[in-house]
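Trainee: The structure follows.
The values are calculated or read from the model by the stated rules, or taken from the named source; none is laboratory data. Everything numeric here is computed off the predicted structure, so don't read it as measured data. Here Cβ is always computed from backbone atoms with ideal geometry, including for glycine, and neighbour counts include all displayed protein chains.
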Amino acid sequence: MPQKATSISFSNIAFIKYWGNRDAVYRIPLNDSVSMNLDHAFTTTTVEFDDKLNDDVIVIGGKEVDGSARARVVSHLDRVRKLANIETKARVRSQNNFPTSAGIASSASAFAALSLAATRAAGLEVSERDLSILARQASGSACRSIPGGFVEWIAGYSSADSYAVSIASPEHWELRDVVAIVSAEEKKVGSYEGHAAAQTSPFLWTRQSALPSRFHLVRRAILSKDLTLLGPAIEEDAIELHMMAMTSRPPIYYWTPGMVRVIQSVQQWRADGIGVYFTLDAGPNVHLICESKDVDRVAELARQVQDVQQIIVNAAGGAAHTIETHLF
Ligand code: DP6
């Protein structure tokens, strides 16, 4: 049985957001979500099970981690050990190709890559669906980084039926995500707390009732490559995510002046005839969604907005996959 395996997995940006769980332990979300993998934001992870180890050793970005970051990885290794029926400890090394300080969500690519590398190293051949189910339990959005391209996560009602599948390949549409980094700080309130707080927002059910039709519209817009259909829906959804956060008890503010500046600029650029729309994550960075024909112009304009520190341009990324070059 192979003891060591390495995988690469791309981060993703949600067009319909996952915000709130039906079951927080298994991470069964309240609603279906849709995303695009990001080809310039990926994690590479090597896992090696070794009988000689007394404990798991986790190195992320060149540093051995402890505390809650370590505990989250060890819990996930435990899920894999249970599946493989082994007790062997593991050595894990993981690195992002993007600076962790860029404030891009890394838990999706990190736990997707860990799921694939750890199951392979444990000698398991797991289907894409089961890998997505496994990744979801470590970080909800990670289940969408297992399949490639444009992906939907059907919420389901139990762990066995809550997983993500690809709805279109990366080549299907030359859509781009220009990430405008306005803050490199780590977010103060993590998604886990955010999902729990969602239940306290008076707008939760208003949003939930609007989602089924928005979900189908976004899906249709992707399949028909229609940016003018996609754009308004993703902006609406992004604003609702932040509205939910701000109306939770206690409220969570991810907004910064830089973020608002970029959003207002997008409206101006659109008025000037450029096909660009924004979406947001649970943080202040703005994702500018446009087609490849407009990407250079959008990147150039974004760089000029006050407070924009860095730009990362992404096309749709592929599925999580293994590689032969190990990190150690
Ligand atoms: C705003 O997947 O990071 O990015 O399951 O607690 O790890 P955990 O949450 P996470 O939540 C993602 C929230 C979001 C929206 C999305 O990606 O759908």
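Trainee: Between a residue in region 105-129 that is at negative phi and any residue that is modelled with pLDDT under 95 and in a helix (DSSP H, G or I), which pairs come within a Cβ distance under 9 Å, given they are 6 or more apart or on different chains?
Mentor: These pairs meet every condition: ALA105/SER191; SER106/THR100; SER107/SER191.
Trainee: Quickly run through region 28-64 and pick out the residues that are within 16 Å of the ligand (Cβ to nearest atom), surrounded by fewer than 23 Cβ atoms within 10 Å (Cβ to Cβ) and either farther than 18 Å from ALA5 by Cα or not aliphatic (A, V, I, L, M) (or both).
Mentor: ILE28, LEU30, ASN31, ASP32
Trainee: If you take just the helices (runs of 4 or more DSSP H) that sit entirely in region 190-308, which of them hold at least 3 residues that are under 21 Å from the mean Cα position of the chain (by Cα) and within 16 Å of the ligand (Cβ to nearest atom)?
Mentor: In region 190-308, 191-198, 204-223, 227-246 are the helices (runs of 4 or more DSSP H) which contain 3 or more residues that are under 21 Å from the mean Cα position of the chain (by Cα) and within 16 Å of the ligand (Cβ to nearest atom).
Trainee: Return a yes/no flag: does region 181-191 have any residue that is under 18 Å from ILE16 (Cβ atoms), surrounded by fewer than 20 Cβ atoms within 10 Å (Cβ to Cβ) and touching a residue at least 12 places away in the same chain (Cβ under 8 Å).
Mentor: The answer is yes, given that some residue of region 181-191 is under 18 Å from ILE16 (Cβ atoms), surrounded by fewer than 20 Cβ atoms within 10 Å (Cβ to Cβ) and touching a residue at least 12 places away in the same chain (Cβ under 8 Å).
Trainee: When you go through ALA168, ALA164 one by one, which is the residue that is buried (at least 22 other Cβ atoms within 10 Å of the Cβ) and either assigned by TED's automatic domain parsing to the domain that holds ARG22 or of a type outside the set (Phe, Trp, Tyr) (or both)?
Mentor: Just a single option satisfies the conditions, and that option is ALA164.
Trainee: While we're looking at this one, here's another question. Determine which single condition SER265 fails, assuming it passes every other condition in (1) surrounded by 18 or more Cβ atoms within 10 Å (Cβ to Cβ); (2) modelled with pLDDT of 95 or more; (3) among the polar types (S, T, N, Q); (4) under 21 Å from ASN31 (Cβ atoms).
Mentor: Condition not satisfied by SER265: (4).
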